[in-house]
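Q: Quick one: the structure is below, and I'll ask about it shortly.
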Amino acid sequence: MIFKTPTQYFLVSGTSDGYTPLNAFDGALLQAGIGNTNIIKMSSIVPPHCQLIAPVPLPPGALVPAAYAAITSDIPGEMISAGIAVALPEDENQNGLIMEYSAKGERRKIEEIVRNMAVEGMKLRGWPIKELKSICIEYKVKNVGAALAAVVLWG
Amino acid sequence: MIFKTPTQYFLVSGTSDGYTPLNAFDGALLQAGIGNTNIIKMSSIVPPHCQLIAPVPLPPGALVPAAYAAITSDIPGEMISAGIAVALPEDENQNGLIMEYSAKGERRKIEEIVRNMAVEGMKLRGWPIKELKSICIEYKVKNVGAALAAVVLWG
Amino acid sequence: MIFKTPTQYFLVSGTSDGYTPLNAFDGALLQAGIGNTNIIKMSSIVPPHCQLIAPVPLPPGALVPAAYAAITSDIPGEMISAGIAVALPEDENQNGLIMEYSAKGERRKIEEIVRNMAVEGMKLRGWPIKELKSICIEYKVKNVGAALAAVVLWG
């Protein structure tokens with residue numbers, strides 16, 4: 001294998017306004033505790049036997065694989081939400097599935113959709129679900145806002 | 001170097017309908033045989049001396065670099081296609097080039113364009129082409145559909 | 001850690017016309033000297049103690065993490081620009097911040113915006129800036145054009 005397979009993961013979320021959409025995204029990463037790392041986006045699996053841990057401080061500048069949902073908006077007053085869901089299989093030798101979803105709208109609605117997405121993904125694999133976790137955050141934009149939810153792979 | 005350079009590669013493709021565009025994309029990855037890995041998108045070179053192999057099962061949750069074309073559509077009945085082309089140079093010490101293209105339309109048209117893209121890319125480098133491979137897949141959307149073609153780096 | 005943390009970085013830029021937007025992007029990568037590598041996009045930190053070096057030739061096909069701004073346009077005569085800025089902190093044990101910005105318009109304007117973005121990002125962290133570097137390039141599109149500015153992590 002070219003890369004090592006991660007052995008731990010954790011869930012984080014954040015929101016922010018900013019000078020530009022990228023600044024708002026940067027602020028959301030900072031609030032989520034992963035703003036001083038180099039996030040590499042990937043699609044979107046929890047390896048078998050990967051352990052859920054509480055968020056840990058990451059070394060500054062480290063290259064860190066993550067699956068995330070992010071949304072920015074420059075419409076003042078707009079409500080935006082970003083969520084991720086993790087479905088873990090009953091069979092521990094199989095992998096879990098991460099789904100990401102972000103859109104205009106309230107947290108409750110977005111979180112329901114992203115959880116359904118993970119359920120559908122496991123149904124497609126024919127794998128019974130042991131556990132379904134999710135994290136979702138909403139944000140009312142001041143000028144230029146961002147919302148982010150992420151699964152960070154680590155270990 | 002931060003990462004090891006891949007020594008093998010293979011071509012895959014897949015299509016699917018799904019509950020959302022991301023679920024359809026997930027289904028296309030599954031059909032392509034790479035749905036239970038963490039795909040890291042990269043642009044888009046076959047290293048010198050990298051060997052073409054038949055698709056192999058990848059360890060679940062592995063971090064895998066890939067170049068891919070993907071398209072989703074929520075227009076029932078629409079035909080979508082995704083293709084990649086790999087141009088290999090006569091000089092084996094030089095690298096090959098991967099091009100990706102996806103759009104509405106039939107496979108034949110999309111595959112012709114992506115092959116031309118790879119030919120043009122090698123022309124820009126001034127490198128004669130020894131071999132031109134491609135893979136392209138079309139899909140008629142039921143409700144929400146996706147088509148995917150990928151070059152997976154491995155080894 | 002899954003990946004090693006980079007110890008060197010360099011700044012590059014390039015522009016090109018091409019047969020398609022992806023070909024133009026490929027040409028811009030080639031002009032920037034990184035067209036024969038596998039760029040993995042990341043967001044967007046210079047690790048502490050990472051050394052700025054002059055651009056070096058990269059091994060063909062190597063997997064290389066980079067933060068970049070890129071823009072393509074198929075409007076003949078349109079001026080496009082891509083820039084990145086790197087803000088380094090006074091405290092050498094803290095990381096630097098990379099910002100990316102690309103848009104229609106002249107280099108001078110885009111470079112000013114991206115530098116401001118980096119200043120704002122450091123302000124959000126509460127970190128005084130020791131040094132602010134940037135690279136920005138403009139391009140007048142012939143048929144289908146691209147402009148690219150990148151920070152390549154290495155070492």
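Q: Normalised by the number of residues in chain B, what is the relative contact order in percent for Cα pairs under 8 Å and 6+ residues apart? If you can, show how the numbers build up before the last one.
A: Numbers: 434 pairs, mean separation 54.1, N = 155.
Contact order relative to length: 35 percent.
Q: I'd like the orientation of helix C:107-125 relative to chain C: the angle between its Cα long axis and the longest Cα principal axis, in ° from 0 to 90, rounded to 10.
A: Approximately 30 degrees, to the nearest ten.
Q: Is the shape of region B:64-146 best called rounded, prolate or oblate, per the rule: a/c under 1.5 gives rounded, else a/b larger than b/c gives prolate, else oblate, with a ≥ b ≥ c the square roots of the Cα gyration tensor eigenvalues? Before the final figure, lay out each step's value.
A: On the way: a/c = 3.58, a/b = 2.47, b/c = 1.45.
Because a/c hits 1.5 or more and a/b exceeds b/c, region B:64-146 counts as prolate.
Q: Consider just the alpha-carbon atoms of chain C and return their Rg together with their Dmax, both in angstrom.
A: 15.5, 47
Q: What is the distance in Å between the Cα centroid of region C:106-143 and that of region B:28-96?
A: 34
Q: Same structure, new question: Using all C-alpha to C-alpha distances in region C:1-70, build P(r) with 10 Å bins and read off the rounded percent in each one.
A: Computed distribution, short to long bins: 18, 51, 25, 6, 0.
Q: Something else: Kindly give the distances from residue C:91 to its copy-mates, label point to label point, with each label point 7 Å from Cα along Cα→Cβ, as nm values to one decimal ordered shortest first.
A: For residue C:91, the inter-copy label distances come out at 5.0, 5.0 nm.
Q: Using a 1.4 Å probe on the protein heavy atoms only, what accessible surface does residue A:115 show? Give it in Å² to the nearest 10.
A: Counting only protein heavy atoms, the figure is 80 Å².
Q: Keeping all protein chains in the complex and leaving out DNA, RNA and ligands, what accessible area do you get for residue B:91 with a 1.4 Å probe, in Å² to the nearest 10?
A: For residue B:91, the solvent-accessible surface is approximately 70 Å².
Q: Now a separate question. Count, for each residue of A:52-61, the Cβ atoms from other chains sitting within 10 Å of its Cβ, then give me the mean as a whole number.
A: If you average over the peptide's residues, the count of other-chain Cβ atoms is 3.
Q: Using only Cα atoms and rounding to the nearest 10 degrees, what angle (0 to 90) does helix A:21-32 make with the longest principal axis of chain A?
A: Computed tilt is about 50 degrees.
Q: How much of the pair distance distribution for the protein assembly as shown lies past 41 Å, counting alpha-carbon pairs only, in percent? Display every interim value, and only then the final one.
A: Values: 12722 of 107880 pairs.
Pairs farther apart than 41 Å: 12 percent.
Q: Kindly tabulate the residues in region A:71-109 with an accessible-area decrease of at least 20 Å² between the chain alone and the assembly of all protein chains, using a probe of 1.4 Å.
A: Buried by 20 Å² or more upon assembly, which counts only protein chains, are A:95, A:99, A:100.
Q: Can you list the copy-to-copy distances for residue B:108, using a point 7 angstrom from Cα toward Cβ, in nanometres, shortest first?
A: Nearest to farthest, the other copies are at 5.4, 5.4 nm.
Q: What does the structure give for C:1-9 when I average, per residue, the other chain Cβ atoms found within 10 Å of the residue Cβ?
A: Mean shielding count: 6.
Q: Which residue is it, in chain A, whose C-beta lies closest to the A-to-B rotation axis, and what is that distance in whole Å?
A: Spelled out, residue of A and its Cβ distance from the axis onto B: A:40, 4.
Q: In Å², and per residue, what accessible area does region C:1-90 have when probed at 1.4 Å with the other protein chains present? All intermediate terms of the calculation are to be shown ahead of the outcome.
A: Details: 2930 Å² over 90 residues.
Averaged over the residues of region C:1-90, the accessible area is 33 Å².
Q: Within the accessible area of the protein assembly as shown, what % is carbon and sulfur when the probe is 1.4 Å and the other protein chains stay in place?
A: Details: 9210 of 18050 Å².
Solvent-exposed carbon and sulfur of the protein assembly as shown make up 51 percent of the total.
Q: If you project the alpha carbons of region C:53-111 onto the principal axes, what extent comes out on each, in Å, largest first?
A: Computed over the Cα atoms, the extents are 45, 33, 16 Å.
Q: Near residue C:104, which aspartates and glutamates are there with a Cα under 16 Å away, not counting those fewer than 8 places off in the same chain?
A: Partners found: C:17, C:74, C:78, C:112, C:138.
Q: In nm, one decimal, shortest first: how far is the label point of residue B:142 (7 Å from Cα along Cα to beta carbon) from the matching points in the other copies?
A: Values, ascending and in nm: 4.8, 4.8.
The values are calculated or read from the model by the stated rules, or taken from the named source; none is laboratory data. None of the values given here were measured: they were computed from a predicted structure. Cβ sites come from the backbone with ideal geometry, for glycine too, and all protein chains shown count toward neighbours. We work out accessible area using only protein heavy atoms, side chains counted, and drop any ligands, DNA or RNA first. Shrake-Rupley method; radii C 1.70, N 1.55, O 1.52, S 1.80 Å.
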